[in-house]
Amino acid sequence: MDRVKSSMQQVPNAIPKVIRRTGGANSLELEKENFERGQAVSINKAINTQEVAVKEKHARTCILGTHHEKGAHTFWAAVNRLPLSSNAVLCWKFCHVFHKLLRDGHPNVIKDSMRNKADLTDMSRMWGHLSEGYGKLCSIYLKLLITKMEFHIKNPRFPGNLQMSNRQLDEAGENDVNNFFQLTVEMFDYLECELNLFLGVFSSLDMSRSVSVTAAGQCRLAPLIQVILDCSHLYDYTVKLLFKLHSCLPADTLQGHRDRFQEQFKKLKSLFYRSSNLQYFKRLIQIPQLPENPPNFLRASALSEHISPVVVIPAESSSPESEHVVETDDLVDMDVPVLPPPVETKFDDLFGTSAAIDPFNFNSQNGMRKDDKDRLIEQLTREIQALKEELESFRLESDRLRQALSGRISELEAELAEQSHLRLQAAGESEFLKAELDDLRRVREDTEKEQRSLTEIERKAQANEQRYTKLKEKYTELVQSHADLLRKNAEVTRQMTVARAAQDEVEVVRREMQEKVKAAQDAADRQEKEQLDQLQELQRELLSSRAELDSLKSTVSSSQESAEVLSGQVATLESEKAELAQTLSKVEAELVVRGEELERVQSSLAAERETGVKAAESLQNQLNEKASREQALESQLVAARWSSLQGAVEEAEKIIQDSLAQIDDPAHISCTSSADYLASRCQASLDCMDRLQSAKDAFLADDTGVSELVRAVTQCGHLVGDTIVQGSATSHMVPVEQADALSESVKTCGAEALALLGHMKHRDGLPAADHGKLKAALEAVLATAEKLRPRGLELQQGELGDLVEQEMAATSAAVESAAARIEEMLNKSRAVDTGIKMEVNERILGSCTELMQAIKMLILSSKDLQREIVESGRGAASMKEFYAKNSRWTEGLISASKAVGWGATVMVDAADMVVQGKGKFEELMVCSHEIAASTAQLVAASKVKADKDSANLHRLQQASRGVTQATATVVASTKSGKSQIEDRDTMDFSSMTLTQIKRQEMDAQVLVLELETRLQKERERLGELRKKHYELAGVAEGWGEEEEGTG
């Protein structure tokens, strides 16, 4: 009865639960409850505090859950109950699972997650206060996830996994160059967050250990698979968008895009390479390798050479981690409702569902009523049928998708074949383009050198250009005024020519008038003469007539008729005479008119002659004024030329005085330079001296050529000042005696330069200015610089290569000789010494012999490694050319070899003195330490260019450890022998008195103080010796060669 009571008391607590799950709830609520329970279990298994990677099956269940409910409500409902802000590992694994959901989950996951953006931002800020560990990584990861959500919300065409075709990428920009520009910037920001997480994970891991095989390392590395998938697509889309932008916009506008892409390309290439070498990624993902050089966006045809990086995730292996355990959570399809757990049905089989109605009905406890069973079976049958139909539709859909994917695979295979063909073509073109690129690089280097020299020349000529511009302006004014005067002179000359032409014309008219008057006078004279002749004729005839009349009067009577005839003739002659007189008066009147006209012409000619003379005098005065003005302008031009020369000389004096002042400036003490650079500056100054002399001679011969002398003086001032500064900086790197000599030389050079410029400031002193003393001072500085140049710089290719072989051979010979001497000393000690001394000598010489053997092995290994380095690095060049090309490395080998050989020789000498009882054990220990340091230098010089996986390098390291061990053995045997020798000489104070002991004690104290003082002094001396050795070694091997004068 007690057992029945207890059963009756337990049944009512369980029966209502069974009724709620079977009779009261419908199938949809049951399905939702089981789905939420399964999701909660998977989320809790995936996101926990264990520092192990998230299992793929749990993450896959969460992804399928988002597709089932078409969102992420259940995921966030479960995550919000997790203490993400209190456990960094829990938050890290949440970020990993959330990243997977954003990539592979339902598209609504991004929209549903934006409601929690503020919480994620606060959590990122909270974890950002931690500077290391998972806290810093969680802050970076949360920023990445927020950036990813914002990018996809702003660009909804991009799916979460970023997989898009070229056509879809073009549609995302809507064929607008502004959209493409902004989209490229957003992708740069997106990729920057991905790279920050990449770098953060790698910097938090100890890469010197195999972290990828540990659970903690895999926990940190697992999210990088999603990062690699995102980065491959972002890099591909960024390249395509940049080519599209370069086809639409100028190259200068996109300079910032190209610089940012170059920076991200280098980081992504390095991270992909480091990731591909990790064992953890090799079995999970195949990481692509980016090309050696980034794409050239300035060449449009380079787009055809771009190969999109493809990340391949191989099929899951049958590892214990990836094997599926037969669990309800893994086997149940999320679209099929799950039956209640079997534990609850077992309770119904035991007690029956009617117990809730009648707890005392024990007859029906072993089963259910038949109608309830039939109803439940029919309900389950209908649900199973519906599920079968839905499953069939899923199968048809999957077949359709499989066929579509098969077709897509065929297309991709064809495209891959075409891309392979294009890759082969591009390989051939790339070889040709690489050759062209090498040529272009060489041309660019030469161009850059020329550009730098041109920039320096332009900077130096800028001051001269300003002075030349002022002189040019003055000269232009003079030329303009000269041109005005020439135009005025031409006008006056033209006026004079016109006046002269007019005067000549008047002279011609005057001569013509004179000729006409003369001709008229001649004609009048001839006519008058003829008339006179006629009158004389008539008079003679009249006289003859009168004579005849008288003779006739006497004979009047002889004839009356002849008298009348003669009277008629007389009357006729009288009329003719009257006519001739009238004609004569007319001619005389005409002559008077012509004489008056001639007087008027002569008066006008005289007036014009006076006007021409006055104009000629005025023009002559203007010409004289112009000549005087030209002389004044010429004197001004000469003065301006001399002023420009004096300005250049004064500027050069200021430069040299400033350089001399820098020598004594305390801030200049930290400035250093190399002897090689000082020599180049001296040589340039000497070349400028010759140019200055030739320019001075040309100026003395023709003072119009002042521009060349101004340029020469300015350049000379700059070069000599630079030589002074570099000489002072070089003196800071050389020994004291040489430094003092070099300082005096540069000061003498500065004084001579100031003296030369002082002579050139005066007209009388310019011809006497001699640059010989300055040139001699520069040659002295050059000679000093040549003496200070590193010896390795003077070696030719063949000499440097031969010197390496000679030094290695000399080192080997020195070690062989030292080993032979040690063997000889050991034989002598065995023959002469006995007892403790022989035992100590044998132990010390034996350890020295072992050290020599270890050094021999080290030298042989170093030779093999050097031969391997030369063979792998020289290419088509010879061995000597390789040594010359890598002169710094070669000089390091030479120095290390010398140190090893010298150390072996000194150690043998010290061992010989110790064996003979004349030396100190401390000398032998110091020599051993020195040999260890020299061998370490030889190992470092040999392995600096070696491959880390080289077998010869491994043997060299083994030999180096052998030398170190042998050195320790020598030191230990020396100390042991010293203690044995000192123990043998035990102090005996038994026979000494109190006074003697006190005296010995005082002597011992004095000796201790003396030794302590001497020890302190020797330590200081050792420090100074090491410092000086370092400086001399630096000068000898050209350590400061790259620093070309910081002053």
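The values are calculated or read from the model by the stated rules, or taken from the named source; none is laboratory data. Keep in mind that this is a model prediction, so the values were computed, not measured. Counting neighbours? That spans all protein chains shown, and the Cβs are built from the backbone with ideal geometry, glycine included. Just the protein is used for accessible areas: all its heavy atoms, side chains included, with ligands, DNA and RNA removed. Shrake-Rupley method; radii C 1.70, N 1.55, O 1.52, S 1.80 Å.
Computed from backbone phi, the HN-Hα couplings of segment 687-692 come to 4, 5, 4, 4, 5, 5 Hz, rounded to whole numbers (Karplus: 6.51 cos²θ - 1.76 cosθ + 1.60, θ = phi - 60°; Gly and Pro given as x). Accessible area per residue (1.4 Å probe, heavy atoms of protein chains only) ranks LYS518, LYS696, LYS136, LYS1028 as LYS518, LYS136, LYS1028, LYS696, with the largest value leading. Note on segment 109-228: Cα Rg divided by 2.2 N^0.38 Å, N the number of residues, gives 1.23.
Using a 1.4 angstrom probe and counting only protein chains, how large is the accessible area of GLU448 in Å², to 10? Its heavy atoms expose roughly 80 Å² to the probe. Counting only protein heavy atoms and using a 1.4 Å probe, the accessible area of SER979 comes to about 50 Å². Amide H to amide H distances under 5 Å link GLN286 with VAL312, ILE313, where only residues 5 or more positions off or on other chains count and H is placed in the peptide plane.
Going by accessible surface with a 1.4 Å probe and the largest first, VAL185, VAL736 read VAL736, VAL185.
Computed with the Debye formula from one identical point scatterer per Cα of segment 661-734, without solvent, the log10 of I(q)/I(0) at q = 0.15 Å⁻¹ comes to -0.58.
Nonpolar atom fraction for segment 146-250, defined as the carbon and sulfur part of the 1.4 Å probe accessible area, stands at 48 percent. Here the gap between ARG867 and SER420, fully extended at 0.36 nm per residue and compared with their Cα-Cα distance, gives a gain of 156.9 nm.
Kirkwood hydrodynamic radius computed over segment 414-466 comes to 14.5 Å, based on all pairs of distinct alpha carbons. Ranked from largest, the principal axis spans of the Cα set of segment 142-184 equal 33, 20, 13 Å. Here segment 644-755 exposes an accessible surface that is 51 percent carbon and sulfur, computed with a 1.4 Å probe and the other protein chains kept in place. For segment 373-497, the average shadow cast by the Cα convex hull is 26.9 nm², which is a quarter of the hull's surface.
Based on protein heavy atoms only, segment 235-300 ends up with 51 Å² per residue of surface accessible to a 1.4 Å probe. Each distinct pair of alpha carbons in segment 686-794 adds a 1/r term; the inverse of their mean, the Kirkwood radius, is 14.9 Å. The residues of segment 559-703 expose, per residue, 60 Å² of accessible area to a 1.4 Å probe.
Full extension of the segment from SER979 to ALA435, taken as 0.36 nm per residue of separation minus the current Cα-Cα distance, would add 188.8 nm.
Ordered from largest to smallest accessible area (heavy atoms of protein chains, 1.4 Å probe), the residues ILE153, ILE457 come out as ILE457, ILE153. Between GLN286 and SER308, the distance separating the two model label sites (each 7 Å from Cα on the Cα→Cβ line) works out to 1.7 nm.
Between segment 96-165 and segment 590-612, what's the alpha-carbon centroid distance in Å? Comparing the Cα centres of segment 96-165 and segment 590-612, I get a distance of 120 Å. Only Cα sites of segment 78-177 enter the Debye sum here, all with the same form factor; the resulting log10 I(q)/I(0) across q = 0.15, 0.19, 0.25 1/Å is -0.64, -0.91, -1.34, listed in q order.
Each label was represented as a point 7 Å from its Cα along the Cα-to-Cβ direction; for ARG629 and GLN536 these points are 7.3 nm apart.
Measuring with a 1.4 angstrom probe and ignoring ligands and nucleic acids, ASP909 comes out at about 70 Å² accessible.
Distance in nm between label sites at GLN163 and ALA701, each 7 Å beyond Cα in the beta-carbon direction? Here the answer is 8.5 nm between the modelled labels. Segment 738-754 and segment 278-299 have Cα centres lying 59 Å from one another. Ranked by the mean number of other Cβ atoms within 10 Å of their residues, highest first, the peptides 399-406, 30-37 come out as 30-37, 399-406.
With distances taken between every two different alpha-carbon atoms, segment 258-317 has a Kirkwood hydrodynamic radius of 13.2 Å. Could you tell me the calculated FRET efficiency between LYS388 and LYS111, based on Cβ-Cβ distance and R0 = 51 angstrom, to the nearest 0.05? E(calc), rounded to 0.05, equals 0.90. Packing order of peptides 713-724, 218-229, highest average first: 713-724, 218-229 (average count of other Cβ atoms within 10 Å over each peptide's residues).
The stretch between GLN958 and THR905 holds 16.7 nm of extra length on full extension. This uses 0.36 nm per residue minus the Cα-Cα distance.
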